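First the structure, in the form of structure tokens, and then the observations on it.
The values are calculated or read from the model by the stated rules, or taken from the named source; none is laboratory data. The shown structure was predicted, so the numbers you read here are calculated from the model rather than taken from an experiment. Glycine also receives a Cβ, built like all others from the backbone with ideal geometry; neighbour counts cover every protein chain displayed. Ligands, DNA and RNA are excluded from the accessible area calculation, which covers all protein heavy atoms including side chains. Shrake-Rupley method; radii C 1.70, N 1.55, O 1.52, S 1.80 Å.
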Amino acid sequence: MNKELDFVKGMFDKIAHRYDFLNRLLSLRQDVMWRNQMVRAAAPGPESRILDVACGTCDVALALSRHLTGRTRITGLDFSYAMLDAGKKKCAAQSNQSICLVNGDALALPFLPEMFDAVFIAFGIRNIMDRPRALSEFYKVLKPGGKLAVLELTTPQNPFLKPIYLSYFKKVLPLIGAFFSKDNNAYYYLPESVLKFPAPDAFAGMMSETGFSRVRFKPMSFGIVTLFVGTRQ
């Protein structure tokens, strides 16, 4: 597990400088729309505390700050220093002072119990090996009634779209990603990690087993992305 964790961390450190560009390119800028839908679906009101796990370059944190017009306290956590550095520079460029960044592990969150009104994680849960433990950590730091929002790449189930998507995902996307990021492993790892991720109903069941109530999920863009939302009891 430690070797896999080191590999994933090293991979994100290497591609941090091209991460935003490749997200926009490979998703045809749909990633912006997906994050905005996530924010609208689960953002609490102003003056709340929000945790953005696997925050990367702060796309979700910045979207939350814009949505709440800066009237909230957002903590972004990531295990990659390079991703956090890119996020710090992006926040500074936008003169955003409502986001605090922390280097940490989603499996051992360095926060007090019942500290946050909402927890967000976008495109990060599939990279966590022990997902039940991560969900338990999210549950622990949420206040009763707080929401967890998970946005993740999934495999579309449409019988006509699925083979086309898999062909692009396994063959074309890795070549484009490797060319622009100059990393031959990162965008070959991506399809593998997505295909290993549980089906939406199975992951929603995992959230329910952790203790989250009113768990629901919404496939977007023909099922290549799914948004999950649950409430801490």
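A few comments on the model shown:
- Condition met for Ile50 (part of a strand (DSSP E or B) and of a type in the set (A, V, I, L, M)): yes
- Any chance Lys147 is within 28 Å of Arg214 (Cβ to Cβ) and open to solvent by 10 Å² or more (accessible area, probe 1.4 Å): yes
- Residues that are touching a strand residue (DSSP E or B) at 6+ places or on another chain (Cβ under 6 Å) and open to solvent by 60 Å² or more (accessible area, probe 1.4 Å) within the range 23-49 comprise just one, Arg49.
- Single residue of Val215, Val194, Val119 found to be surrounded by 16 or more Cβ atoms within 10 Å (Cβ to Cβ), within 19 Å of Met11 (Cα to Cα) and among the β-branched types (Val, Ile, Thr): Val194
- Residue within the range 125-143 that is open to solvent by 10 Å² or more (accessible area, probe 1.4 Å) and of a type in the set (A, V, I, L, M) present: yes
- Within the range 151-174, the set of residues being in a helix (DSSP H, G or I), of a type outside the set (Lys, Arg) and loosely packed, with under 12 Cβ neighbours inside 10 Å comprises Pro163, Ile164, Ser167, Val172.
- Residue count for the range 73-124 under the criterion of being free of Cβ contacts under 8 Å to residues at least 60 places away in the same chain, within 16 Å of the chain's Cα centre (by Cα) and assigned to a loop (DSSP other than H, G, I, E, B): the result is 5.
- When we screen Asp52, Asp20 for residues that are among the charged types (D, E, K, R), buried (at least 20 other Cβ atoms within 10 Å of the Cβ) and in contact (Cβ under 8 Å) with a residue 60 or more places away in the chain, the only hit is Asp52.
- Residue under evaluation Glu209, criteria (1) open to solvent by 10 Å² or more (accessible area, probe 1.4 Å); (2) modelled with pLDDT of 95 or more; (3) not polar (S, T, N, Q); (4) not in a helix (DSSP H, G or I), criterion not met: (4)
- Here Ala178 passes the criteria (1) touching a residue at least 60 places away in the same chain (Cβ under 8 Å); (2) open to solvent by less than 70 Å² (accessible area, probe 1.4 Å) except the one numbered (1).
- Pick from the range 55-85, criterion surrounded by fewer than 19 Cβ atoms within 10 Å (Cβ to Cβ) and over 23 Å from Ala134 (Cβ atoms), ranking: modelled with the lowest pLDDT: Gly70
- Total residues in the range 53-72, condition in a loop (DSSP other than H, G, I, E, B) and either of a type in the set (Phe, Trp, Tyr) or in contact with a Leu (Cβ under 8 Å, 6 or more places away or on another chain) (or both): 4
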